[in-house]
Amino acid sequence: MKTVIVLFVSMISFLMTDLGSVRKAYKTAPASKEAAQAFLGQLENYNGNNQTLKAYQGAAYTLKAKFEKKLILKKDLFVKGATMIEEAIKKDPNNIEIRFIRLSIQENTPRIMGYKGEINEDKEKILKEFSKQEKDIQALLKDFVKTSESFTAEEKKQLL
């Protein structure tokens, strides 16, 4: 009986991984090792089919890598996360939120990691599709664009 209860509680918490709380946690995750770990903890066991959540899960691994001291583990975590983001984009290439996730990670990744190749592609997709997005996605994008180095002043004006 204990096993059934544990499984039930696990499934409930797993199903309660909602995009709203994940988006909120993503904003604060880069601030500290603890925030990054909490963000990863929220998504680490996610194995559903929602590609947006998969991309956030990948981002959680890349953010965990940011705070890792051991270089081999840092690299392994980053590669795992970036791979998850790329897989999510392959499965849902028109999803602007996934493009935002990849862009925000690429923008903040050191050049040495070699993960900067799609910045312009993602930026152009965001600019083109911004007005078609739901209000919560637009708000998320606006917050990012304000401080983004990828968008010119003119592009920022267009979105803000």
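Each value in this text was obtained by applying a stated rule to the coordinates, not by laboratory testing. It should be emphasised that the depicted structure is a prediction, and the values quoted were computed from it without experimental measurement. Here the Cβ is made from the backbone with ideal geometry for all residues, glycine too, and neighbour counts use every protein chain on show.
Whole-Hz Karplus values for region 24-36 come out as 5, 5, 5, 5, 9, 4, x, 6, 7, 4, 5, 5, 5 Hz, taken residue by residue from phi with 6.51 cos²θ - 1.76 cosθ + 1.60 and θ = phi - 60°; glycine and proline positions read x.
Note on TYR46/GLU149: beta-carbon distance plugged into 1/(1 + (r/R0)^6) with R0 of 35 Å gives a FRET efficiency of 0.70.
Taking θ as phi - 60° and the Karplus parameters 6.51, -1.76 and 1.60, the scalar couplings of region 52-59 work out to 5, 5, 4, 5, 5, 4, x, 4 Hz in sequence order, x denoting glycine and proline.
Order by neighbour count: ARG23, ARG99, ARG111, fewest other Cβ atoms within 10 Å first, most last.
Numbers: ARG23 17, ARG99 25, ARG111 7.
Ascending number of Cβ neighbours within 10 Å: ARG111, ARG23, ARG99.
Looking at the chain as a GNM with Cα springs under 10 Å, which of LYS90, LYS75, LYS27 has the largest mean-square fluctuation? Top of the fluctuation ranking is LYS90. Dividing the Cα radius of gyration of region 2-159 by its Kirkwood radius returns 0.99 for Rg/Rh. The gain in end-to-end length when the GLU134 to GLN37 segment is fully stretched comes to 32.0 nm, 0.36 nm per residue minus the alpha carbon separation.
Adding -39500 (n - 2.57) for every DSSP H run of four residues or longer, then dividing by how many residues the chain holds, sets the calculated 222 nm ellipticity at -22500 deg cm²/dmol. Using the Karplus relation 6.51 cos²θ - 1.76 cosθ + 1.60 with θ = phi - 60°, the per-residue 3J(HN,Hα) values for region 74-83 come to 4, 5, 4, 5, 5, 4, 4, x, 4, 5 Hz, with x marking Gly and Pro.
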